[in-house]
Amino acid sequence: MFDEDEIVDDSLEPETVQTASKNEVDSELGQTRMEVAYGAGDGDDDAKAVVARKASMGVLYEQIYRPWNGQLGPRWVRNYAIFRHHVYGIFSSKGHRHYNPFVRLSILVIFLTSLTPIAMIFLSVTISGGEGSDWLNRMWGVNRYNLWGQVLGYFPRNLCMWPLLTALVVGGMISDDRKNGTSAIYFSRPVTRTDYTAMKYLSSAVVLGFVIVFSYMLYYTSAIVFNGEGWAYLIDTLPMFLGGLLAGILLVITYTSIGMALSSVSQSRFFAAIGFLAIIFGTKIVALMIELIFETTIFYILSPYDSLAHLGQWLIGIPANYEHSLALSIISVIIYNAASVGLLITRVRSLEVTRE
Amino acid sequence: MDGGFVIETRDLRKMYGPHLALDDVDVQIPQGAIGILGPNGAGKSTFFKCILGLITTTSGDGRVLGYDIKTEGDLIRSRIGYMPEYDSLDPDLNAIDQVRYAGELLGMSPSAAMQRAHEVLEYVGLRDQRYRKIESFSTGMKQATKLACAIVHDPEILICDEPTNGLDQRSREFMLKTLRRTVDEGGGTVLMSSHVMDDVQEVCDRVVMIHQGNIVVNRPISDLANQIEKEVEAVIWGGATKMEEALISHGLKVRRMGRVMRVTIEDENTIEQIISIAAKSEVQIRELREYEPDLEDIFLLIMDKLGARVKGTSELMTSEHTGGDRSV
């Protein structure tokens, strides 16, 4: 049942409201509402009947503008927001950039696969003393070739894992903003194009670095821990580890640069992903065919992977698989990075805030 | 702010190669609701980009909220809210996360941005939809989300580029009411660009008209209406062309829209003259009344004087403005 006060419209005159409530609650007159309504009892002429009035529907939504007097943070706060939005999305898409569950699952699988040598080192330690243990240690233990292979080995890492990882992570970084027009959200705020590009680049590089470089570091650390190695081992192997680390960082930078540049030229993340895979595999295949026919490795400088692999072999200190000069591979890596970053900057500069 | 103006420009010029987009624009815009009008390609978007400090101007100066548009673009943008004309939302995000992220991009802390996102989404009428993905939103809800992103930091100036694009009547009314309330209760300034003159008239007190890169009008709407010559509107039946020719031959100024003719009142005898001409021309006058000019008439008259051949503001609209085939 409705309370009478609720039914009474706000527009009722105060006098009427007073009378109505008085009739209901004031016992001095000795009247009930029924008596008033049906005219029974004394004082009938003075009484006022309580009649039904149109009930107000009430207000469910009241639009009120609330001012905000907070302080806006400095530049690094804005930049960190971009970084966080893209990196946290890998772990939880709730509230951050959405990565398709398939993409997140693929990244997890690639990361776990890159850690398989750790499991093999652990196995070799567990069955220590036997022939099997030695074989396992040779195959997966820390040495120059294995350190190089952990980052720059072609199969499976640079054939299946790293290019796919890059394509999945970097593909939509800028193309999604072009497609959805979300660049307007960035550039209508105090975010400069330099900050926007740098933070997107850094976010991609950190995700790639987490899988490629972090797994490499974990591999080296695990070998020391599982084998109970001391300082002498550390001093012996640290230079080649650092060489591999540098090669890994160069790989992350180069793949990120190429991927970001491709992402900035189209509105489709699919184009960027396929374009990246085409560059990595296409150049490799062309160079391989030329090597098989003409017996020259010079065309491997067209392949970003092979240029990095050549450079990595020199950094770690293993014999090169390539006949051409290392300088050409270094120049190739520099040109790939410079051209990609140049293209990226040009394309980001053309992103519009008013319309795309 | 100098002299109480939130936006001031002096000899502001912007050229894209050989194309002149803004031609020595001198404008002073006070606080309040201001409509920015002009045909397509007039320079509205370039003007917005200039005052947001997003593009380098070819020459001239400008200050927004006292900040130099050439050197202090980031400070300007932190105090301005911009609601773009086109889609600018991530369809994979929830509305609350989109607005929170928009706040974080301004430098708000995550907790403050989240708190504020709840407030502004309630303000724009999306309280119950704030956890829904934007891809499932109607055009009206997307427009409201864009508005929420723009006002998340309680800006001093809110720039709305075609805020009623593609909205149905109910959503449009709500959007316009919300913009007006933002000025009245928020105490800020709204710069609204629209091709729908009724919308501008409903929200704005003042209009700035841009034509071929020049500011041709910068006045309160009430002043403009008074400037326009009084007209009488006659609905003609049975020979509108004949009637139009006869009116012109008698030295009267006529604007014809099909069978409707608007004739400028020259003196107290004009109405009698029209009736007499109709009788001589043997046409019927079905209706005859004094005509109150609205903003669309003012716009069309000014454009006509400037030589821009625009028959109606609907000509300036694309399917983006009307919502195309989408149902809302």
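Annotations for the structure displayed:
- Listed residue pairs exceeding 24 Å between alpha carbons, taken from B:K44/B:K253; A:K94/A:K179; B:K44/B:K70; B:K177/B:K305; A:K94/B:K142: B:K44/B:K253; B:K177/B:K305
- Ordering A:I280, A:V213, A:L108 by Cα displacement along the dipole of segment A:76-349 toward the positive end leaves A:L108 in first place; charges were set at the Cβ atoms of Lys, Arg (+1) and Asp, Glu (-1).
- Per residue of B:72-80, other chain Cβ atoms within 10 Å of the residue Cβ number 3 on average.
- Check: the protein assembly as shown dipole with +1 on Lys, Arg Cβ and -1 on Asp, Glu Cβ, in debye: 3720 debye
- Residues whose placed amide H lies under 5 Å from that of B:N214, excluding near-sequence neighbours: B:D23
- Taking segment B:96-204 and dividing mean pair separation by its residue count, relative contact order in percent (alpha carbons under 8 Å, at least six apart): 24 percent
- For chain B: rounded, prolate or oblate by the Cα gyration tensor [a/c cutoff 1.5]: prolate
- Cβ neighbours within 10 Å from other chains - mean over B:280-288: 0
- Rounded to whole Hz, the Karplus (6.51, -1.76, 1.60) HN-Hα couplings of segment A:224-238, x for glycine and proline: 5, 5, 5, 8, x, 6, x, 5, 4, 4, 4, 5, 5, 9, 4
- Electrostatic dipole magnitude of chain B [Cβ: Lys, Arg +1; Asp, Glu -1; Cα centre; debye, to 20]: 540 debye
- Mean separation of Cα contacts under 8 Å, 6 or more apart, over the residue count of segment B:229-292: relative contact order %: 52 percent
- Segment B:204-221 - phi-based ³J(HN,Hα) in whole Hz, Karplus 6.51/-1.76/1.60, Gly and Pro as x: 9, 9, 9, 10, 10, 9, 10, 9, 6, x, 10, 7, 9, 9, 8, 8, x, 4
- Sorted by Cβ density within 10 Å, fewest first, the residues A:W140, A:W68, A:W135: A:W135, A:W68, A:W140
- Looking at chain B alone, DSSP beta bridges between its own residues are antiparallel in about 70 percent of cases.
- Using only side-chain charges placed at the Cβ, +1 for Lys and Arg and -1 for Asp and Glu, the dipole size of segment B:95-186 relative to its Cα centre rounds to 280 debye.
- In the distance distribution for segment B:229-292, Cα-Cα pairs more than 20 Å apart total 10 percent.
- Cα-based Kirkwood hydrodynamic radius, segment A:76-349, one decimal, Å: 19.8 Å
- For B:L37, residues with placed amide H under 5 Å, excluding near neighbours: B:V208, B:M209, B:I210
- The mean number of Cβ atoms from other chains found within 10 Å of a Cβ in peptide B:95-102 is 4, as a whole number.
- At 1.002 mPa s and 20 °C, Stokes diffusion of the protein assembly as shown via Kirkwood alpha-carbon radius, µm² per second: 69 µm²/s
- Percent of Cα pairs exceeding the 22 Å cut-off, where the set is segment B:1-160: 47 percent
- Using the Cβ-Cβ distance between A:S133 and A:R75 with R0 = 41 Å, the FRET efficiency computed as 1/(1 + (r/R0)^6) comes to roughly 0.15.
- Close amide H partners of A:T297, meaning residues 5 or more places away or on another chain with modelled amide H under 5 Å apart, are A:E323, A:H324.
- Take every pair of alpha-carbon atoms less than 8 Å apart whose residues are at least six positions apart; their mean separation over the length of segment A:76-349 yields a relative contact order of 23 percent.
- Neighbour-count order for A:Y300, A:Y219, fewest beta carbons within 10 angstrom listed first: A:Y219, A:Y300
- Counted charge near B:G238, where neighbours are those whose Cβ lies closer than 11 Å (Asp, Glu -1; Lys, Arg +1): +2
- Residue-averaged [θ]222 nm for the protein assembly as shown, counting only DSSP H segments that reach four residues, each worth -39500 (n - 2.57): -16500 deg cm²/dmol
- For A:C160, B:C160, B:C204, order by how many other beta-carbon atoms lie within 10 Å, fewest first: A:C160, B:C204, B:C160
- Residue-wise HN-Hα coupling along segment A:176-188, computed from phi with Karplus coefficients 6.51, -1.76, 1.60 (Hz; x: Gly, Pro): 5, 5, 5, 5, 8, x, 6, 4, 4, 5, 6, 7, 8
We did not get these values from a lab; they are worked out from the coordinates using the rules stated. The structure presented is a predicted model; accordingly, all values stated were derived computationally and were not measured. Cβ sites come from the backbone with ideal geometry, for glycine too, and all protein chains shown count toward neighbours.
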